[in-house]
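Here the structure is laid out as structure tokens; the discussion comes afterwards.
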There are 2 protein chains.
Amino acid sequence: MPHWQGLSNLMEEQHSLELKPIGIIHSPYKNTGAAPYQGYKSEEISQIEVFKDFEEGLKDIEGFSHIIVIYWFHKSQGYHFLVKTPWDDSLHGLFTTRSPHRPCPLGLTVVELLAREKNILKVKGLDAIDGTPLLDIKPYVPSIDERAVVKSGWLEGRLGKGRS
Amino acid sequence: MPHWQGLSNLMEEQHSLELKPIGIIHSPYKNTGAAPYQGYKSEEISQIEVFKDFEEGLKDIEGFSHIIVIYWFHKSQGYHFLVKTPWDDSLHGLFTTRSPHRPCPLGLTVVELLAREKNILKVKGLDAIDGTPLLDIKPYVPSIDERAVVKSGWLEGRLGKGRS
């Protein structure tokens, strides 16, 4: 038994972690059926409303062309460990997919920041549906966030390997 | 007043969102002072322990060379909207930085998956400290996750523009 087994057991029993949204996403996609599987090919514009209380943290964000948006899949209900995706008919391990139905329903999209007006960010490429709670915004930094991928598992060749 | 103002007010008053960790990160970095500012240049190996209950969701993950790891900054206490970073002496908007001290203390790192043994993933490039709660794992997919950055705001030239 590894020396850290005790810690792991402790953590499995621990209380939940709590998050409060810092904003809300206003999107042309009004429900889960309307959203694209991934937003990166879409030309649709979404508006990210950062609540006024958090606006100061946006200082100079308009200097960035791309940001990482983290949000809560609020329509997600439950999950399965083996899931079918739009890309083929096989069952895949949940953590090898971008399914919104996950134990921690956290969504993540890199989007293009088109404009900022006070606490509102106008972005392109966001696949979240209307009313999605916003949890965090981070700058997208290629030297930190990009990796030279060698293997893409079952997704190989299905979405294209490079930037589209 | 935009039509969605009512919804926003409602959300600001709403209850917290709850998360339960799906695993724990075992890292050579024993405290926040020991962790690198970003893990991507480090050769250190970390082990991600996905709790046994969630192991089935890892099916075929070893086919992927890179994964996105989302975790909880459990040592984060409070935050400021304007922060100093290791890169210069100016104050920057929190959401233009990767500071661990955030309203929603969610960490995000793209790591190289070296090996898997049952529910343990051996990875390189993870900057989380020992004992960090694991929230989610997603496949890293260049066509989804990479963007051709035009502007990197105050970070321009500080970290290098391309992949390192």
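Whether any residue in the range B:90-98 is hydrophobic (A, V, I, L, M, F, W, C), more than 17 Å from the chain's Cα centre (by Cα) and more than 7 Å from chain A (Cβ to nearest Cβ) is what I want to check. Looking for residues that are hydrophobic (A, V, I, L, M, F, W, C), more than 17 Å from the chain's Cα centre (by Cα) and more than 7 Å from chain A (Cβ to nearest Cβ), one finds at least one in the range B:90-98, hence yes. Taking the conditions (1) more than 7 Å from chain A (Cβ to nearest Cβ); (2) closer than 23 Å to A:LEU134 by Cβ in turn, B:ARG102 satisfies each one other than (1). Among the residues of the range B:38-72, the ones that are modelled with pLDDT under 95 and either crowded, with 18+ Cβ neighbours inside 10 Å or closer than 12 Å to B:ILE24 by Cα (or both) come to 3 in all.
Does the range A:71-89 contain any residue that is in contact with a Ser or Thr (Cβ under 7 Å, 6 or more places away or on another chain), at the interface with another protein chain (Cβ under 7 Å from one of its Cβ atoms) and assigned to a strand (DSSP E or B)? Scanning the range A:71-89 turns up at least one residue that is in contact with a Ser or Thr (Cβ under 7 Å, 6 or more places away or on another chain), at the interface with another protein chain (Cβ under 7 Å from one of its Cβ atoms) and assigned to a strand (DSSP E or B). If we keep just the residues of the range B:10-37 that are surrounded by fewer than 20 Cβ atoms within 10 Å (Cβ to Cβ) and within 14 Å of the chain's Cα centre (by Cα), which is modelled with the lowest pLDDT? Ranking the qualifying residues of the range B:10-37, first place goes to B:TYR37. Assess whether A:GLU156 counts as being crowded, with 19+ Cβ neighbours inside 10 Å and either out of contact with any Pro (no Cβ under 7 Å at 6 or more places or on another chain) or without any contact (Cβ under 8 Å) to a residue 40 or more places away in the chain (or both). No.
Here the range A:73-109 is the region considered, the condition is being open to solvent by 10 Å² or more (accessible area, probe 1.4 Å) and of a type in the set (A, V, I, L, M), and the residue that is nearest to A:LYS30 (Cα to Cα) is A:LEU108. Selection of the range A:111-129 for residues being at the interface with chain B (Cβ under 9 Å from one of its Cβ atoms) and open to solvent by less than 10 Å² (accessible area, probe 1.4 Å) yields A:VAL111, A:GLY125. Would it be correct to say that B:THR132 is at negative phi, more than 8 Å from chain A (Cβ to nearest Cβ), open to solvent by less than 10 Å² (accessible area, probe 1.4 Å) and of a type in the set (S, T, N, Q)? When the stated conditions are applied, B:THR132 passes them. When the range B:113-137 is filtered for residues that are closer than 16 Å to B:LYS59 by Cα and in contact (Cβ under 8 Å) with a residue 12 or more places away in the chain, the ones remaining, listed by number, are B:LEU113, B:LEU114, B:ALA115, B:ARG116, B:LYS118, B:ASN119, B:ILE120, B:LEU121, B:LYS122, B:ASP136, B:ILE137.
The values are calculated or read from the model by the stated rules, or taken from the named source; none is laboratory data. Keep in mind that this is a model prediction, so the values were computed, not measured. Here Cβ is always computed from backbone atoms with ideal geometry, including for glycine, and neighbour counts include all displayed protein chains. Ligands, DNA and RNA are stripped out before the accessible areas are found, and what is left, the full protein with its side chains, is counted by its heavy atoms. Shrake-Rupley method; radii C 1.70, N 1.55, O 1.52, S 1.80 Å.
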